[in-house]
Amino acid sequence: MYEGAVIVGYIQKHPEVFDTYYEFHWVLAKRSVDWMTEHAPEELKKLDPKKVKEIEDNFARVKPNYQTEKGKIRDSWSKTPLRNMAEDIGMADLHSYYEQASSMHHANVQALSSQLEVSADETIVDFDVAPSDHWAGEALMLAMGSFVQALKGYNALCGKKFDALVEDVEGKFTNAWKKQLAREGKGTGAGDGI
């Protein structure tokens with residue numbers, strides 16, 4: 001939800017990147033065809049050859065838009081990192097929650113160390129492993145913040161037909177966000193919104 005909300009907001013602010021976002025579909029489709037060629041050739045034969053040709057032709061057309069300086073294809077549609085997109089559209093506060101959640105999802109060392117519990121005298125070490133409610137507050141803040149941002153983006157795409165509803169939801173979320181920040185001792189300054 002968070003990545004989707006950032007991308008919707010970023011494209012809304014920078015409509016000139018929409019084609020780059022949309023056309024990345026051909027890169028992903030070509031990766032699927034390549035995978036099937038190597039690992040599932042019998043399944044590939046079941047695909048309409050016209051569809052495969054369409055994928056290959058469109059990939060060849062858009063490929064230069066996604067190549068690195070070394071000629072490799074990027075893993076993402078955009079050269080702009082997600083963090084920078086979030087900062088650009090005012091979602092930087094949520095990004096730190098996203099990074100923590102992403103670390104947990106991918107089980108990197110940051111996530112493992114955040115689940116480590118050491119006693120005051122450092123004699124007892126324990127792990128608070130999933131499923132756990134230890135990070136529930138952060139997860140809910142990220143989910144709700146992402147939902148509000150996505151709602152705002154979709155409302156804009158719909159011609160702002162739901163402004164009153166969006167303002168109500170955003171206001172309630174902002175109040176909850178400020179209470180959470182106060183509980184964490186992080187303050188409720190002007191930059192503490194979504």
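Observations, loosely collected:
- Selection within the range 167-188: residues that are farther than 25 Å from Lys13 by Cα and not in a loop (DSSP other than H, G, I, E, B). The member of this set that is modelled with the highest pLDDT is Asn175.
- Thr80 meets all of the listed conditions (1) open to solvent by less than 90 Å² (accessible area, probe 1.4 Å); (2) of a type outside the set (A, V, I, L, M, F, W, C); (3) in contact with a Phe, Trp or Tyr (Cβ under 8 Å, 6 or more places away or on another chain); (4) assigned to a helix (DSSP H, G or I) but one, namely (4).
- Meets criteria (surrounded by 11 or more Cβ atoms within 10 Å (Cβ to Cβ) and modelled with pLDDT of 95 or more) for Lys50: no
- The one condition in (1) surrounded by fewer than 11 Cβ atoms within 10 Å (Cβ to Cβ); (2) part of a helix (DSSP H, G or I); (3) at pLDDT below 95 that Tyr97 fails to fulfil: (1)
- Residue-level check: of (1) within 25 Å of the chain's Cα centre (by Cα); (2) farther than 23 Å from Ser102 by Cβ, Asp57 misses just (1).
- Residues of the range 160-180 that are touching a helix residue (DSSP H, G or I) at 6+ places or on another chain (Cβ under 9 Å) and hydrophobic (A, V, I, L, M, F, W, C): Phe162, Leu165, Val166, Val169, Phe173, Ala176, Trp177.
- The single condition from (1) modelled with pLDDT under 95; (2) within 30 Å of Leu157 (Cβ to Cβ); (3) surrounded by 11 or more Cβ atoms within 10 Å (Cβ to Cβ) that Tyr66 fails is (1).
- Residue-level check: of (1) among the acidic types (Asp, Glu); (2) surrounded by 13 or more Cβ atoms within 10 Å (Cβ to Cβ); (3) within 20 Å of the chain's Cα centre (by Cα), Asp75 misses just (2).
- Which listed residue, of Ala156, Ala164, Ala120, is surrounded by 14 or more Cβ atoms within 10 Å (Cβ to Cβ) and modelled with pLDDT of 70 or more: Ala156
The values are calculated or read from the model by the stated rules, or taken from the named source; none is laboratory data. Given the structure is predicted, the values throughout are model-derived calculations rather than measurements. Every residue, glycine as well, gets a Cβ built from its backbone with ideal geometry; the counts of neighbours run over all protein chains shown. All accessible areas refer to the heavy atoms of the entire protein, side chains included, with ligands and DNA or RNA removed. Shrake-Rupley method; radii C 1.70, N 1.55, O 1.52, S 1.80 Å.
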